[in-house]
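This report concerns only the one structure given below.
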Ligand SMILES: Nc1ncnc2c1ncn2[C@@H]1O[C@H](COP(=O)(O)OP(=O)(O)OP(=O)(O)O)[C@@H](O)[C@H]1O
Ligand SMILES: [Mg+2]
């Protein structure tokens, strides 16, 4: 499997706060990497840098061998799914997928409509095609956000706490969808604290602490690091809910 993301010596500060410190990380195509770590450890900043949403200077992040500097440089390669869905409230469920396909990919409306239907079927909300997002449950909204990200056929999908505003049942639905994508070999980066979900589908876990990778490895490896006090301290606080 080829290397999709190569991060070398990435540092990022906001005013006087050092948020990421000389961070190195690689992601191969087909990997599903979970990013965990205390609040403020830099998880969102890291994934935002990878998506081009934070300015980075050029040689620190390569995506498919090309420098990430801004959103234009990741356009079409990275799909982002956020905690708060970021749907278009004034478009129907179908239009939330069709409109970007038309405007961004210049797709013809009938082809875009077919594609939207296929994707909505895949995330089990095809019956909501003509409804508006505010009539969906939180889990359905998030699955629509995933379908919309998939529509662009990104090389990688990045999730930043996709289920933290959802109750366990709805979170379970979203993780089922993510799990299906993992089986299909979709490369994904997921910031989440749902440890049991991570065990189900992550190929690797990265534990971030104070802007650095403290330890990384398979879920089995990471969740059996009894001697790592910093990790143990963190794991005591997180959610082991069975979802
Ligand atoms: N735009 C910004 N301006 C100033 N400071 C910021 C900005 N974005 C993040 N920070 C700071 O950077 C640090 C890391 O934030 P980040 O959001 O990456 O953490 P996180 O690990 O995602 O935390 P959480 O688990 O709470 O989401 C924090 O101290 C935060 O206050
Ligand atoms: Mg965050």
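We did not get these values from a lab; they are worked out from the coordinates using the rules stated. As the structure is a prediction and not an experimental result, all values here were calculated from the model. Ideal geometry is used to build each Cβ from the backbone, glycine not excepted, and the neighbour counts take in all protein chains shown.
Summary table
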item: Global form of region 64-117, assessed from the alpha-carbon gyration tensor, a/c cut-off 1.5; result: oblate
item: Whether region 52-195 is rounded, prolate or oblate, judged on the alpha carbon gyration tensor where a/c under 1.5 counts as rounded; result: oblate
item: Helix-only mean residue ellipticity at 222 nm for the chain, each DSSP H run of n ≥ 4 adding -39500 (n - 2.57), per residue, nearest 500; result: -10000 deg cm²/dmol
item: P(r) of region 113-207 over all Cα-Cα pairs, binned every 5 Å from zero, in whole percent; result: 3, 13, 26, 25, 19, 10, 3, 1, 0
item: Peptides 113-119, 88-94, 205-211 ordered by average Cβ neighbours within 10 Å, highest first; result: 205-211, 113-119, 88-94
item: Nearest-ten-degree value, helix 93-103 long axis tilted from longest Cα axis of the chain; result: 90
item: Region 22-61: radius of gyration over Cα atoms, expressed as a fraction of 2.2 N^0.38 Å; result: 1.23
item: Residue exposure sequence - 201, 82, 159 - by fewest surrounding Cβ within 10 Å; result: 82, 201, 159
item: 37 °C / 0.692 mPa s Stokes-Einstein diffusion coefficient of region 1-74, Kirkwood radius on C-alpha pairs, µm²/s; result: 260
item: Dimensionless Rg over Rh [the chain; C-alpha; Kirkwood]; result: 0.97
item: C-alpha long axis of helix 168-183 to longest principal axis of the chain, angle in °; result: 90
item: Per-selection Kirkwood Rh - region 143-195 (Cα, Å, 1 d.p.); result: 11.4
item: DSSP-defined beta bridges in the chain - what % are antiparallel, rounded to 5; result: 50
item: More than 18 angstrom apart: percent of Cα pairs within region 86-148; result: 24
item: Cα long-axis angle, helix 138-151 against the chain (0 to 90 degrees, to the nearest 10); result: 80
